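Undergrad: I'd like to ask some things about the structure below.
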Amino acid sequence: MNDVILLPEVRDFLSRGHAHFIGGEFRSGASGHRIPVFDPATGEVLAHVASADPRDIDAAVSSAKAAYHGAWAQTLPYQRGVILNRFADILEQNGEGLAQLESVCSGKSIHLSRAFEVGQSAMFLRYYAGWATKINGETMTPSFPSIAGERYTAFTRREPVGVVAGIVPWNFSVMIAIWKIASALVTGCTVVIKPSEFTPFTLLRIAELAIDAGVPAGAFNVLNGDGTVGQGLIAHPDISKVSFTGSVPTGLAVGSSAMLANLTRVTLELGGKNAAALLEDVDVDQAVAGLVQTGYVHQGQVCAAPERVYVHRSRLDEVMGKVSAALAGLKIGSPLDESVQFGPLSNRAHFEKICHYFEIARKEGRIICGGKALGGPGYFVEPTAVLAGSPADRLLHEETFGPILCFLPFDSDEELLQLLNDSPYGLAASLWTNDLSKALRMVPRIEAGTVWINMHTFLDPAVPFGGIKKSGTGREFGTAFIDDYTELKSVMIRY
Ligand code: NDP
């Protein structure tokens, strides 16, 4: 074991009682009900966290509403940008402690926690900070003729929607929350975030840091608990928008609850069964390196990760050989060990789900490598590659959200396009080829929110990200987020 030594601040944080962050301070839950949080590397209880009840939900939303009409409304756009930039700096200054806390709770490798949960979160915050002074409406010239000879002019204003409920999953509990927090704060909204019950701690620490950065008390609140807390939050009459990231079944429930509650606007970033296609001329070394990196990072628990891989039949043996060799070389172990590349799954329920998919893989296809849980404590499984028995195999259609890539050969481009689109999901896809002309002709025919060429799972704040079909509705990043977090008000003037 070469685990990094946990910083005293991380040990201290874990030993505290945890509940919610409301109105700029930690608050214990009203009911006293607490739920255990497990260390995925050992399966042991790490700490407990309170589960919010309706009184806590009401307190958090009231505090966000007061800040929305009060301190945050009085913070000018330029100042909002300064505060978000300072928030990014403070996040980085406290980065090692945050990364350790996140790795302990989620099983994410310490490298990934440092680079993504801290590093990329800070970069995203700075990107959004840049928008603070650039969110504007338009002027327009009304075109209908007037009988009395008067003239009209008109303009639009972008106004914050109000209090946002952000509900985030356990796989990137910091970064995905930061997308929502930054989008809300920069547009003038305030926010209540509900992390997953499996990864509740890091956001509590981040809420504390936000106060140090100058985010006014109440503008950013954290409510802990299970799915019922998310449900209660959505139903609250003072929530104006829900931004949800999670699975398709929960997303459907969230979307319908929001509509029923108050016609509340919703952004849904849901699951995927993302395809990668390796065309006949593929550079196999480049593609295999890319697939192994993006398919198995964080044990495959990445929404945009490739899960089904279509390979031109002429290159299949070469691809499978190189994938097997690469997977055999991955070092499996503690997420806090800097030499480890592959850690545990994040929670027991997910571990059981992945073991179930190993059985399905054995029945329907051929396991090329991996395919087993590892003995001992913790939720460890092997990185796995499967050759599908037929295009109907469940592993080509159902999201596992785990380290299982399922491969299938294809013979023609038309067949490939059919296979790529044969999915209820439409989050992301990648094409691996040097024939850019062919790739660009395929792009409009691929049913996915993002198509990458010779790369996979590359998220940049300037490039909108989101799904089509059952993978969701709405977009994060780019300019697209502005539509989702602001109301467009029209003003007309007669003269
Ligand atoms: P879930 O849908 O189970 O949960 C997501 C969040 O919703 C959690 O905080 C959960 O709380 C909460 N929740 C559960 N039930 C309800 C409810 N009825 N009402 C409101 N909130 C509820 O997803 P997972 O956490 O298991 O995350 C994995 C899924 O997320 C995968 O399908 C993955 O593809 C998707 N995902 C999509 C991304 C995208 O950008 N498109 C990015 C990352 C992940 P609790 O955990 O406490 O039950």
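The values are calculated or read from the model by the stated rules, or taken from the named source; none is laboratory data. Computed from a prediction, not measured in an experiment: that's the story for all the values here. All Cβ positions, glycine included, derive from the backbone under ideal geometry; neighbour counts span all protein chains shown. Quick note on the areas: whole protein, heavy atoms, side chains included, nothing else; ligands and nucleic acids left out. Shrake-Rupley method; radii C 1.70, N 1.55, O 1.52, S 1.80 Å.
Undergrad: Hey, which of the strands (runs of 3 or more DSSP E) in segment 416-495, taking only ones fully inside, have at least 3 residues that are modelled with pLDDT of 95 or more and open to solvent by 40 Å² or more (accessible area, probe 1.4 Å)?
TA: Per the criteria, 486-494.
Undergrad: Still on this structure: Does segment 260-280 contain any residue that is aliphatic (A, V, I, L, M), in a helix (DSSP H, G or I) and in the same structural domain as Gly162 (by TED's automatic domain parsing)?
TA: yes
Undergrad: Okay, next question. Please indicate, with yes or no, whether at least one residue in segment 364-377 is within 16 Å of the ligand (Cβ to nearest atom) and touching a strand residue (DSSP E or B) at 6+ places or on another chain (Cβ under 8 Å).
TA: no
Undergrad: Sticking with this one: Just give me the residues in segment 77-96 being under 30 Å from Ser339 (Cα atoms) and either open to solvent by 10 Å² or more (accessible area, probe 1.4 Å) or in contact with a Lys or Arg (Cβ under 7 Å, 6 or more places away or on another chain) (or both), in sequence order.
TA: Result: Ala88, Asp89, Ile90, Glu92, Gln93, Asn94, Gly95, Glu96.
Undergrad: Would you check if there is a residue in segment 212-227 being buried (at least 19 other Cβ atoms within 10 Å of the Cβ), near the ligand (Cβ under 10 Å from one of its atoms) and not charged (D, E, K, R)?
TA: The answer is yes, given that some residue of segment 212-227 is buried (at least 19 other Cβ atoms within 10 Å of the Cβ), near the ligand (Cβ under 10 Å from one of its atoms) and not charged (D, E, K, R).
Undergrad: Go through segment 375-415 and count every residue that is part of a strand (DSSP E or B) and either open to solvent by 10 Å² or more (accessible area, probe 1.4 Å) or over 25 Å from Ala349 (Cα atoms) (or both).
TA: Narrowing segment 375-415 to residues part of a strand (DSSP E or B): 381, 384-387, 404-410.
Within this subset, residues satisfying the condition of being either open to solvent by 10 Å² or more (accessible area, probe 1.4 Å) or over 25 Å from Ala349 (Cα atoms) (or both) are 387, 407-410.
Qualifying residue count for the region: 5.
Undergrad: Scanning segment 235-246 for residues that are open to solvent by 40 Å² or more (accessible area, probe 1.4 Å) and part of a loop (DSSP other than H, G, I, E, B), which turns out farthest from Ala261 (Cα to Cα)?
TA: Asp238
Undergrad: List, please: which pairs have Cβ atoms under 6 Å, are six or more places apart or on different chains, and start with a residue in segment 357-375 that is within 17 Å of Glu307 (Cβ to Cβ) and end with one that is open to solvent by 30 Å² or more (accessible area, probe 1.4 Å) and part of a loop (DSSP other than H, G, I, E, B)?
TA: Note: pairs meeting the criteria are Glu364/Gly389; Gly365/Gly389; Gly370/Glu382.
Undergrad: Need pairs with beta-carbon distance below 6 Å; first residue touching a residue at least 12 places away in the same chain (Cβ under 8 Å) and of a type in the set (A, V, I, L, M) and within segment 156-177, second open to solvent by 10 Å² or more (accessible area, probe 1.4 Å) and near the ligand (Cβ under 6 Å from one of its atoms); sequence gap 6+ or separate chains.
TA: Ile167/Lys194; Val168/Thr245; Ile176/Thr245
Undergrad: Could I ask something else about it? Given the structure, is Arg151 surrounded by fewer than 22 Cβ atoms within 10 Å (Cβ to Cβ), among the charged types (D, E, K, R) and farther than 30 Å from Ile493 by Cα? Please lay out each step first, then the result.
TA: Working: surrounded by fewer than 22 Cβ atoms within 10 Å (Cβ to Cβ): yes; among the charged types (D, E, K, R): yes; farther than 30 Å from Ile493 by Cα: no.
For Arg151, the condition - surrounded by fewer than 22 Cβ atoms within 10 Å (Cβ to Cβ), among the charged types (D, E, K, R) and farther than 30 Å from Ile493 by Cα - is not met.
Undergrad: Criterion first (under 19 Å from Ala182 (Cβ atoms), in a helix (DSSP H, G or I), assigned by TED's automatic domain parsing to the domain that holds Ile181 and within 12 Å of the ligand (Cβ to nearest atom)) does Leu209 satisfy it? Walk me through how you get there before you give the answer.
TA: Details: under 19 Å from Ala182 (Cβ atoms): yes; in a helix (DSSP H, G or I): yes; assigned by TED's automatic domain parsing to the domain that holds Ile181: yes; within 12 Å of the ligand (Cβ to nearest atom): no.
No: the conditions fail for Leu209.
Undergrad: Among the residues of segment 281-304, count how many are under 25 Å from Met175 (Cα atoms), in a helix (DSSP H, G or I) and either among the small types (Gly, Ala, Ser) or within 16 Å of the ligand (Cβ to nearest atom) (or both).
TA: 9
Undergrad: Go through segment 247-278 and give me each residue that's over 17 Å from Arg475 (Cα atoms), more than 6 Å from the ligand (Cβ to nearest atom) and open to solvent by 10 Å² or more (accessible area, probe 1.4 Å).
TA: Pro249, Ser256, Ser257, Met259, Leu260, Ala261, Asn262, Leu263
Undergrad: For segment 320-349, what are the residues that are under 21 Å from Arg366 (Cα atoms), surrounded by fewer than 23 Cβ atoms within 10 Å (Cβ to Cβ) and touching a helix residue (DSSP H, G or I) at 6+ places or on another chain (Cβ under 6 Å)?
TA: Hits for segment 320-349 are Lys322, Ala326.
Undergrad: Please go through segment 132-148 and give me each residue that is farther than 17 Å from Ile493 by Cβ and in contact (Cβ under 8 Å) with a residue 40 or more places away in the chain, ordered by number.
TA: Passing the criteria: Ala132, Thr133, Ile135.
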